[in-house]
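Presented below is the structure to which this report refers.
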Amino acid sequence: MEIYLAEHAGFCFGVDRAMNLALKTGEDKDCEVFTLGPLIHNPQAVERLEESGVEVRAELENISNGAVIIRSHGVPPKILDQAAERDLELINATCPFVKRAQEKAKELKEEGYQVVISGDKEHPEVVGILGFADNEAIVVEDESDFDKLADEQKVGIIAQTTQSLENLQKLSNYLLTEVSELKVYNTICTTTGQRQNEAAELSKKVELMLVIGGHNSANTNRLAEICRESGVKTYHIEAVDDLQTNWFKNIKKVGITAGASTPNWIIKEVVRRMEEIKNEEEKNDVEATSLTEGEIVSGKIEEVSQEGISVDLGGDTEGFIPKDEIKEEDFEEEYNVGDEVEVEVLDPEGEDGRASLSKKKVDVEQAWEKVEEIHQSGEIIEAEVNDTVKGGLVVDIGVRGFIPASHVAIEYVEDLSQFVGQTLKLRIIEVEREDNNVVLSRKVVLDEERQEKKKEVLSSLEEGTEIEGEVTKLVDFGAFVELGGVEGLLHISEISWGRIGHPSEVLEEGEMINVKILGVDEEEGRVSLGLKQTQPDPWEEFLEEYNEGDIVEGKITKTVDFGAFMEIKPGVEGLIHISQLSHDHVATVEEVVTEGDVVKTKVINIEPEGRRVGLSIKELESPAPKQKKSKPKTTTRDNNNNNNNNEGSGVKLGDVFGDLFEE
Ligand code: F3S
């Protein structure tokens with residue numbers, strides 16, 4: 001990109017003079033210094049003056065003392081008079097070109113001419129000139145104002161200093177045939193004409209013009225107008241911040257000019273930024289034109305069609321991604337014009353002069369990188385199941401992923417098709433990029449979730465509390481009970497206060513039961529449960545119901561060398577020691593009682609702490625002559641229960657009698 005700066009851009013002679021005068025006055029004066037209206041039509045320059053102590057006042061009435069600077073546009077004579085009356089120090093910075101127009105207006109008026117001003121009637125310069133013609137001049141802005149001059153015969157024309165020569169000529173030509181006497185003074189500032197001519201010339205040889213200056217500056221607006229009239233794209237900016245880099249895309253030549261009220265430092269900032277933009281453009285051009293096969297580049301989507309996507313790679317380089325090189329089948333909906341895309345160069349030249357590109361390759365590469373990253377971090381991902389194949393499921397995680405059937409769930413799943421379309425939580429357990437192989441597992445995720453749940457439940461279980469659970473399995477040594485994520489063991493000894501041979505005598509699989517938590521081992525994940533603890537303790541009942549000396553009847557549950565055990569009530573057994581079986585000598589227990597016999601006994605001893613009851617048959621009988629195998633009268637045989645099992649019996653021998661009776 002080439003940049004051309006107009007020779008006469010920025011402060012004109014008049015503005016430069018006014019600005020320097022104002023800055024110097026602001027620095028030198030001890031009193032307050034004001035300008036009547038903004039010194040020049042440029043907000044940045046006005047700010048700089050304020051920093052130097054020169055403030056803007058719209059009216060003289062707002063200034064009570066100090067110095068007042070008249071700006072380059074000039075003012076009507078009555079303002080100068082009023083300033084003198086108010087005893088204000090007057091610093092007149094009216095541009096000499098404007099002063100000449102004022103003087104010519106005064107002169108013509110005094111000579112009896114109808115003064116006509118070619119210009120903008122609202123502009124302060126014109127308002128000032130009007131004052132010098134006793135406010136009786138006619139202002140002509142364009143041809144539509146010509147009819148205001150119909151009855152005039154002796155006319156003198158002057159022009160606003162920034163007026164175009166063409167307008168002045170048109171007005172003069174019109175009046176030449178309409179009036180008897182005509183005087184024309186070309187009061188147009190030569191600087192303005194020169195600047196405008198330069199702008200017109202420059203705009204013809206560039207593709208874009210920048211006109212710098214305040215939006216309220218008449219001469220800057222006129223410059224922009226002249227540039228546009230030549231057909232070139234023109235931007236009117238106030239300062240560097242207004243520049244937009246996209247204006248210069250594919251632009252090779254840029255012209256810059258600036259209004260007469262535009263400070264040099266603003267022009268310099270714009271030129272410097274333009275140089276930067278130029279360098280960036282050139283860099284982009286170099287990057288875009290030196291494509292190599294396999295290179296990854298980025299560009300902006302210019303067009304999306306059925307055939308593929310056109311990409312602007314910067315500079316003059318364009319590329320095309322054929323639809324086969326785009327992963328998404330619905331790419332027409334997925335991608336939009338203006339989107340930034342990363343692509344791999346397949347062929348820098350391409351078949352039609354555009355580089356041939358692939359989006360798919362970049363996507364796959366990025367997907368692999370992501371997969372490896374996730375595999376290393378162990379992160380859990382979610383993916384939708386696309387299909388079932390022999391031995392497992394297929395998911396899309398940017399690349400094809402496989403879930404073996406054994407990893408689909410914790411338990412074996414017969415019908416895998418039920419998962420198609422479902423989004424599953426998965427962990428990558430194997431990546432073999434060379435073989436295009438990614439293996440995922442849902443089972444490990446479920447396992448972890450289960451362990452987590454188990455931990456939660458374990459920590460919520462409190463020893464001694466009761467909880468409801470489902471009997472899931474009966475085994476010889478007890479039952480397993482599901483407690484909402486944790487399985488607890490109900491040992492056979494904790495099922496019933498009475499003696500049972502197998503848990504199935506009391507429980508059924510699938511049954512809901514209330515159990516007491518006897519112990520929790522969080523580390524081992526074990527919970528021990530008790531069922532009998534949720535029921536009344538038969539020993540306590542026994543203590544309330546029976547006393548030593550009571551006669552009780554019960555069934556012999558077991559015979560041992562040193563005696564026989566009798567069930568007093570379910571859960572409570574007493575021992576009839578061999579010495580308490582008979583007054584006679586008893587060699588073996590079975591001479592007197594056998595399992596299943598129902599006998600009457602006397603309670604001869606109760607030990608609450610040891611949960612022991614001593615019973616006696618002997619004490620219920622009078623001593624009798626010694627005879628072999630004499631059955632006590634208190635004994636009856638229970639034929640239904642002589643099979644030597646312990647069904648219906650209560651507390652275990654060791655539990656009840658400890659080592660007291662172990663002989
Ligand atoms: Fe004066 Fe011309 Fe500038 S009139 S203020 S030198 S544009």
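Every number in this text was worked out from the coordinates using simple rules, so none of it is lab data. Bear in mind that the values here come from a model prediction, so they are computed numbers and not experimental data. For neighbour counting, all protein chains shown are included, and Cβ atoms are generated from backbone atoms with ideal geometry for every residue, glycine included.
Could you pull out which residues in the range 349-375 have an amide N less than 15 Å from a spot 7 Å beyond the Cα of THR292, following the Cα-Cβ vector? Under 15 Å, as judged by backbone N against the label point of THR292, lie 349 of the range 349-375.
The lysines whose alpha-carbon is closer than 20 Å to the alpha-carbon of LYS473, local same-chain residues fewer than 8 away aside, are LYS454, LYS516, LYS532. In the chain, helical runs assigned H by DSSP with n ≥ 4 each contribute -39500 (n - 2.57); averaged across all residues and rounded to the nearest 500, the mean residue ellipticity at 222 nm is -8500 deg cm²/dmol. For the range 1-96, the Cα-based Rg and Dmax, in that order, read 14.7, 58 Å. Candidate cross-link partners of LYS233 among the aspartates and glutamates, defined by an alpha-carbon separation under 18 Å and a same-chain spacing of 8 or more, comprise GLU2, GLU198, GLU201, GLU207, GLU225, ASP242.
Only the Cβ atoms of Lys and Arg (+1) and of Asp and Glu (-1) were treated as charged; on that basis the dipole of the range 364-443 about its Cα centre amounts to roughly 220 debye. In the range 213-321, Rg over Rh equals 1.11, where Rg is the alpha-carbon radius of gyration and Rh the Kirkwood radius from pairwise Cα distances.
In plain terms, the residue of ILE69, ILE296, ILE492, ILE576 with the fewest other Cβ atoms within 10 Å comes first and the most crowded comes last, giving ILE296, ILE492, ILE69, ILE576. Computed over neighbours whose Cβ is under 11 Å from that of GLU334, the net charge equals -4, Lys and Arg +1, Asp and Glu -1.
Using θ = phi - 60° in the Karplus curve 6.51 cos²θ - 1.76 cosθ + 1.60, the 3J(HN,Hα) couplings for the range 219-228 round to 5, 5, 4, 5, 4, 4, 5, 4, 5, 5 Hz; x is entered for Gly and Pro. A simple rule links phi to the HN-Hα coupling: the Karplus curve 6.51 cos²θ - 1.76 cosθ + 1.60 with θ = phi - 60°, which for the range 516-528 gives 9, 7, 8, x, 10, 10, 5, 5, 8, x, 10, 10, 9 Hz, with x for Gly and Pro. Site pair GLU619 and GLU32 shows an inter-label distance of 12.6 nm when each label is modelled 7 Å from Cα along Cα→Cβ. Each of MET512, MET1 has some number of other Cβ atoms within 10 Å of its Cβ, and from fewest to most they run MET512, MET1. Here, the range 151-237 is characterised by an Rg to Rh ratio of 1.10, where Rg is the alpha-carbon radius of gyration and Rh the Kirkwood radius. Rounded to 0.05, the FRET efficiency of the GLU540 and SER459 pair, given R0 = 35 Å and the Cβ-Cβ distance, is 0.60. The C-alpha atoms of the chain define a longest principal axis, and helix 96-110 lies at about 50 degrees to it. Put in order of Cβ neighbour count within 10 Å, fewest first, the listed residues SER144, SER72 become SER144, SER72. Straight-line reach from LYS555: taking Cα to Cα under 18 Å and skipping same-chain neighbours fewer than 8 places apart, the lysines in range are LYS569, LYS600, LYS602, LYS618, LYS631, LYS633, LYS652. Relative to the Cα centre, the charge distribution of the chain, modelled as +1 at Lys and Arg Cβ and -1 at Asp and Glu Cβ, gives a dipole magnitude of about 1220 debye. Averaged over residues, the count of other Cβ atoms within 10 Å places the peptides 364-376, 200-212, 526-538 in the sequence 200-212, 526-538, 364-376, highest first.
Given their separation in residues at 0.36 nm each and the Cα-Cα distance between them, GLU468 and SER305 gain 52.2 nm when the chain is fully extended. Among the listed pairs LYS29/LYS268; LYS99/LYS154; LYS24/LYS106; LYS278/LYS359; LYS300/LYS360; LYS29/LYS121, a Cα-Cα separation exceeding 27 Å is found for LYS29/LYS268; LYS24/LYS106; LYS278/LYS359; LYS29/LYS121. Across the chain, the fraction of Cα-Cα pairs farther apart than 42 Å, rounded to a whole number, is 65%. Each of VAL413, VAL395, ILE428 was scored by the projection of its Cα onto the charge dipole of the range 364-443, and the greatest displacement toward the positive side belongs to VAL413; charges sit on the C-beta of Lys, Arg, Asp and Glu. Shape verdict for the range 543-620, please, from the Cα gyration tensor: rounded (a/c under 1.5), prolate (a/b greater than b/c) or oblate. In terms of gyration-tensor shape, prolate.
Amide H contacts of GLY519: SER528, each under 5 Å away and 5 or more positions distant or on a separate chain (H built 1.01 Å from N in the peptide plane; Pro and chain starts excluded). Modelled this way, with points 7 Å down the Cα-to-C-beta line, the labels at GLU449 and GLU110 are 10.3 nm from one another. When only Cα pairs below 8 angstrom with a gap of at least 6 residues are kept, the chain shows a relative contact order of 7 percent. Couplings 3J(HN,Hα) of the range 189-194, computed from phi: 5, 5, 4, 4, x, 4 Hz, in residue order, whole Hz [Karplus 6.51 cos²θ - 1.76 cosθ + 1.60, θ = phi - 60°; x for Gly and Pro].
Using a Förster distance of 45 angstrom, determine the FRET efficiency expected from the C-beta separation of SER504 and GLU430, and round it to 0.05. Step by step, r from the Cβ atoms, then E = 0.50. Based on the Cβ-Cβ distance of GLU7 and GLU207, what FRET efficiency does E = 1/(1 + (r/R0)^6) give at R0 = 22 Å, to the nearest 0.05? About 0.65, to the nearest 0.05. Cut-off 17 Å, label point 7 angstrom out along Cα-to-Cβ of MET512: give me the residues of the range 469-494 whose amide nitrogen falls inside. What the label zone holds, given the 17 Å backbone N cut-off, is 469-473, 481-486.
Taking amide hydrogens as placed 1.01 Å from N in the peptide plane, the amide H of LYS183 sits under 5 Å from those of VAL155, GLY156, ILE157, each at least 5 positions away in sequence or on another chain.
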